[in-house]
Amino acid sequence: MADATFDAIIIGAGHNGMALGTYLARCGWEVAIFEKRLEEGGGLCTEELTRPGFLHNVHCNYHTLVGVCPVYEDLRLEEHGLEYVRPPVQMGSVFGDGTALTVHTDMEKTYASMARFSQKDAETFRRLYNEVKGYMDLILRTLMYSPPIPLLDITKALVVWKVADKAEFLSVHLRNMSINQFLDQHFESEKVKVQLALQAAYSGYSTDRVGLAVSYPLLVGKMDNWHVCVGGSHQLAHALWEAFAHAGGQVFLSTPVEGILTENGRSTGVRLYNGSEVAARHLVASSIDLEQTFFKMVGRERLSEDFVGGIEAYPCMDWSFFSAHLALDRVPEYRAAEFDPDINQAWVLNVGYESLEDLNGHWRAIREGKLPDPCPNCAVNSIFDPADAPDGFYTGLIRHFAPYRLASGGAEAWDEMGTIFGQRCIDRWVEEAPNLREGILEWAVYTPLDIPRRIPNMVEGDWMGGLIDLGNMLTDRPFPAMSQYRTPIEGLYMCGATQHPHGFVTFAPAYNALQVIADDYDLERWWL
Ligand SMILES: Cc1cc2nc3c(=O)[nH]c(=O)nc-3n(C[C@H](O)[C@H](O)[C@H](O)COP(=O)(O)OP(=O)(O)OC[C@H]3O[C@@H](n4cnc5c(N)ncnc54)[C@H](O)[C@@H]3O)c2cc1C
């Protein structure tokens, strides 16, 4: 006899689990979400890592799909207190020769900034951006916010609709190219190219991976859509929690799931850490990793050899993030502001990359487990959201691509190396913004090893739920037998970052799992 019964049980209260739970609760289902941590939100955690009152976004800092993703409106998250700011100067790069490039929400200003490096590149970028904007909504809706279709079908459609003839940039050949190759083909200034590549890299796309150019147009279309979540990223988790609670759902915190109960090949509920059992009338949905879900919770013995092989072969991201969080008493003033004053207003700032070759060198080093000479990615959210630090103070964030396992000492070596690498990143930032030298009150590191310590489903610091690669896309993510959010266990669904499209705060895995569940249970689609 179960200790409690719900219509649906969801494992993990990240944004995907919370969103799926809310949609189902608004269908009239009784929904419970079980979460291992002390708070809901998963990667939306915001913590006072340095000093009280300094709100640091430990994982998700950049919200790139606001206004595009249907979940925000469907769940009326604004009414639940969610607020965003879209900084006018979105991103910038400062270069060794004192120059700077800025990307604005006003694209005319972006073109003007690029034109100072290459008039031809500015014009090419204008054509690329305008072309992408023309088909962006259609592509996002059909490719991201619907269960996936095979790449081959997309390619065929491009040919049948003669898209390649009409479009200058979108082509079937993108699947044979890396993002770097695409940039090399169309642009001439190394500085413009590396800025455009970094825009993709910070979204999880390794720019040297052949095939990933297929996604590049999508990334260009969103490059002026990066938002600060006011009050810290956890406010999105809070709004989701409120929407879920209003719909009658219940989140159980500090309640890890240990097992998935099955009967005659069908999931019937979950077993919690304390041995109690909770029954599910209709379904269980997991928003966490494949290993925990299938090997630990279901049990290998209940799975076919092929399916086990599929999970074992599914690759993690081959790079992770190193972060340093800073409490500041001033905003950075860049040397390069003499060249472009707007750089002091840039939200996200790249330091040190001068060319695609610099970036490629980092990809190579990281895959070998080495720490390169720092080229930090820096952001000060408080310029746009004063609520995230005490009056007159600022929070700072440094991110750097990094290996999970260091060649010397493995992952554990991060506990020693973190502070050393953090100091090197800070020194590099200060070189470009010398006023920061006296302005850092305190700082804390957050290494790739810390990531799975905090969020166990981010296995080996994998912040994307599995490698982003052509072989892992669409109906191949995580592998064909499980690409449609269903699993070999009837009534067990996957709704998190392992599924199409991938991790990041997109809500897409949950939204797409919802469509499949709505078909399977004949739910009335109130959200369409
Ligand atoms: C350093 C870093 C920086 C990032 N920056 C960004 C960014 O700027 N923008 C962006 O969009 N994304 C960013 N991400 C990625 C983003 O955080 C993830 O892709 C996103 O959180 C995935 O959401 P999810 O809901 O699928 O899973 P998660 O957010 O991982 O949530 C899963 C939840 O399940 C819980 N759980 C795990 N095991 C169990 C269990 N056995 N029982 C119960 N609960 C369990 C976890 O505690 C967690 O709360 C970043 C990630 C990292 C690590």
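What are the residues whose amide H is under 5 Å from the amide H of His56, where those residues sit 5 or more places off or on another chain and H is modelled from the backbone?
Glu47, Glu48, Leu49
What does the charge dipole of the chain about its Cα centre add up to, to the nearest 20 debye, if the Cβ of each Lys and Arg holds +1 and the Cβ of each Asp and Glu holds -1?
780
Give the shape of the chain as rounded, prolate or oblate, defined through the alpha-carbon gyration tensor: a ≥ b ≥ c are the square roots of its eigenvalues, a/c under 1.5 means rounded, and otherwise the shape is prolate if a/b is larger than b/c and oblate if not.
prolate
Between beta-carbons, use under 10 Å as the cut-off and find the net charge around Lys191, counting Lys and Arg +1, Asp and Glu -1.
-2
I'd like the Karplus ³J(HN,Hα) series for segment 164-169: coefficients 6.51, -1.76, 1.60, θ = phi - 60°, whole numbers in Hz, and an x wherever there's a Gly or Pro.
4, 6, 8, 9, 7, 10
Strictly over 23 Å apart at the Cα level, which of Lys109/Lys193; Lys120/Lys162; Lys120/Lys191; Lys156/Lys222; Lys36/Lys296; Lys120/Lys193 would you flag in this model?
Checking Cα-Cα distances, Lys120/Lys162; Lys156/Lys222 exceed 23 Å.
Taking Cα centroids, how far is segment 139-217 from segment 476-526 in Å?
Distance between centres, Cα-based: 24 Å.
Which shape class, rounded, prolate or oblate, goes with segment 232-325 when its Cα gyration tensor gives a ≥ b ≥ c as root eigenvalues, a/c under 1.5 marks rounded, and past that a/b bigger than b/c marks prolate?
oblate
Between Arg86 and Arg367, with labels modelled 7 Å along Cα→Cβ, what's the label distance in nm to one decimal, could you check?
Result: 3.6 nm between the two label points.
Which listed residue (Leu38, Ala245, Met114) has the Cα farthest towards the positive end of the charge dipole for the chain, taking +1 on Lys and Arg C-beta and -1 on Asp and Glu C-beta about the Cα centre?
Met114
Would you please state which residues of segment 253-280 a label at Glu301 would reach in this model, taking the label point 7 Å out along Cα→Cβ and a backbone N cut-off of under 15 Å?
What the label zone holds, given the 15 Å backbone N cut-off, is 260-265.
Distance in nm between label sites at Glu354 and Lys109, each 7 Å beyond Cα in the beta-carbon direction?
2.8
Roughly what would the spin-label model give for Ser254 and Asp184, points 7 Å off Cα along C-beta, in nm?
According to this spin-label approximation, the distance is 5.5 nm.
Any idea what the relative contact order of segment 81-190 is, in percent, if you count C-alpha pairs under 8 Å spaced at least 6 apart?
Reported as a whole number, the value is 19 percent.
For the chain, what's the relative contact order in percent, using C-alpha pairs closer than 8 Å and at least 6 residues apart?
On the way: 1111 pairs, mean separation 126.5, N = 528.
That works out to 24 percent.
List the relative contact order of segment 292-408 as a percent without decimals, with contacts defined as Cα pairs under 8 Å and 6+ residues apart.
Relative contact order, segment 292-408: 35 percent.
Once the dipole of the chain is set up with Lys and Arg at +1 and Asp and Glu at -1 on Cβ about the Cα centre, which of Gln484, Phe169, Asn57 lies farthest towards its positive end?
It is Phe169, whose Cα lies furthest towards the positive end.
Classify segment 46-185: rounded, prolate or oblate, from the alpha-carbon gyration tensor (a ≥ b ≥ c, eigenvalue square roots; a/c under 1.5 rounded; otherwise prolate if a/b is larger than b/c)?
Since a/c reaches 1.5 but b/c is at least a/b, the shape of segment 46-185 is classed as oblate.
By the scheme Lys and Arg +1, Asp and Glu -1, what is the net charge of all other residues having a beta-carbon under 15 Å from that of Pro386? Intermediate results must be reported in sequence, preceding the final value.
Values: positive: Arg330; negative: Glu83, Asp329, Asp385, Asp388, Asp391.
That sum, taken over residues with Cβ under 15 Å, equals -4.
May I ask you to give the average projected area over all directions of the convex hull of the Cα atoms of segment 389-447, in nm² rounded to one decimal?
Projected over every direction and averaged, the Cα hull of segment 389-447 covers 4.7 nm².
Rounded to whole Å, give me the distance from the Cα center of segment 258-295 to that of segment 331-388.
43
Let me have the 222 nm mean residue ellipticity of the chain computed from DSSP H runs of 4+ only, each contributing -39500 (n - 2.57), with the sum over all residues rounded to the nearest 500.
Helix contribution divided over all residues of the chain: -9000 deg cm²/dmol.
What ranking do 75-87, 368-380 get when scored by the average of other Cβ atoms within 10 Å per residue, highest first?
Values: 75-87: 17.2, 368-380: 19.5.
The peptides rank, most packed first, as 368-380, 75-87.
Give, in nm to one decimal, the length gained when the segment between Ala245 and Arg266 is fully stretched (0.36 nm per residue of separation minus the Cα-Cα distance).
Gain in length upon complete extension: 4.7 nm.
When the chain is fully extended, how far beyond the present Cα-Cα distance does Glu460 get from Val163, taking 0.36 nm per residue of separation?
Result for the pair: 102.9 nm of gain on full extension.
Are there GluC sites (Glu not before Pro) in segment 160-245 that DSSP marks as loop and that have at most 15 other Cβ atoms within 10 Å, and which are they?
Numbers: sites: Glu168, Glu188, Glu190, Glu242; in loops: Glu168, Glu188.
Hits after loop and neighbour filter: Glu168, Glu188.
Every number in this text was worked out from the coordinates using simple rules, so none of it is lab data. Given the structure is predicted, the values throughout are model-derived calculations rather than measurements. For neighbour counting, all protein chains shown are included, and Cβ atoms are generated from backbone atoms with ideal geometry for every residue, glycine included.
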